[in-house]
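Have a look at this one before I ask anything.
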Amino acid sequence: MNILLSCMYMNPNRIGLQIKPSQFKRSFSLLLFLYIFLHTHHLQAQNLSFYAGPSVPFGLYADNNITRKEAGFAKTGYHVGFLLEDQRKVRLLNTFFQFSYNQNGIDGDVIRNFLMINNPNIKGSDITAPWRQFLFIPGIKANWFKPGYDLYAKAGIGFAMYKSFTQIQYYDTLRFVVRDNAASNGLVLNAGLGININVTSHIAINTGMDMMYGRPNYGKISFSDGTNNKVLISDNEEVVPFQCIQWHFGLRFFLGKK
């Protein structure tokens, strides 16, 4: 990250991304997997949970040390999603499928100060879009059933579509630089704990936490000027780990007869 930021103040151009042809194939495979999973897991006798809550970054993803290449400068954000659990049979272990949209802002003050110190022509900069992740995760869920509630632990490995932040830099010559968001597809790991507290025979209050980890590669970064002429800056690829803890609160619905 620090190498890329160093390049950003050397040339008042627009940053772009070299799109990899394999990204389309990965996206198509992901959508095909999602369709097959939902088609083969009938909704009858399933648990469907909807949830939301804060997303707390940690590790390199949250690091704001400008000298570290993989620092993500991420701040606490939020996430929303749903979880579909196969409960056609009440048992200790069940399969689940989870979708989650996660968003973390970025510490723009650190980047702004770095750029302005290294280039007196830069008068300011704004972050216009945060880090964003779309997560599709199947896995195994272990349940401990108690009267009126149940505890659970779960683990899964799935696919993610990652989007990097977007930035505008302002120069004293009325020029500006836009850092477009880069895209990446890759794996994501998940582990979580939680509790369901029954309200009725079909509705429960759900609360818990999930830990997410991924290592997206956003590809090579290039500058482009006002005429869309792109100039490659570095052969290095931008790799910023995705590391966060998602705290959530929501409702679980049992879709069947008890």
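None of the figures in this text is laboratory data; all of them are computed from the coordinates on show. All figures in this text were calculated on a predicted structure; none of them were measured in a lab. Methodologically, a virtual Cβ is constructed for each residue, glycine included, from the backbone with ideal geometry; neighbour enumeration extends over all protein chains shown.
Aspartates and glutamates within cross-link reach of Lys220: Cα-Cα under 19 Å, excluding same-chain residues under 8 positions apart?
Cα-Cα hits under 19 Å: Glu70, Asp180, Asp235, Glu237, Glu238.
Then there is this: Starting with the highest mean, order 199-207, 158-166 by the number of other Cβ atoms within 10 Å, averaged over the residues of each peptide.
Taking the mean over residues of other Cβ atoms within 10 Å, the ranking is 158-166, 199-207.
If the cut-off is a Cα-Cα distance under 20 Å, which aspartates and glutamates reach Lys141, setting aside same-chain residues fewer than 8 apart in sequence?
The reachable aspartates and glutamates, counting only those whose Cα sits under 20 Å from Lys141, are Glu85, Asp86, Asp150, Asp210.
Evaluate the distance, in nm, between pseudo-label points positioned 7 Å from the Cα of Thr200 and of Val178 along their respective Cα→Cβ axes.
4.9
Let me ask something else. Run the reach check for Lys75 against aspartates and glutamates, Cα to Cα strictly under 13 Å, same-chain hits fewer than 8 apart removed. What comes back?
Within reach: Asp63, Asp107, Asp109.
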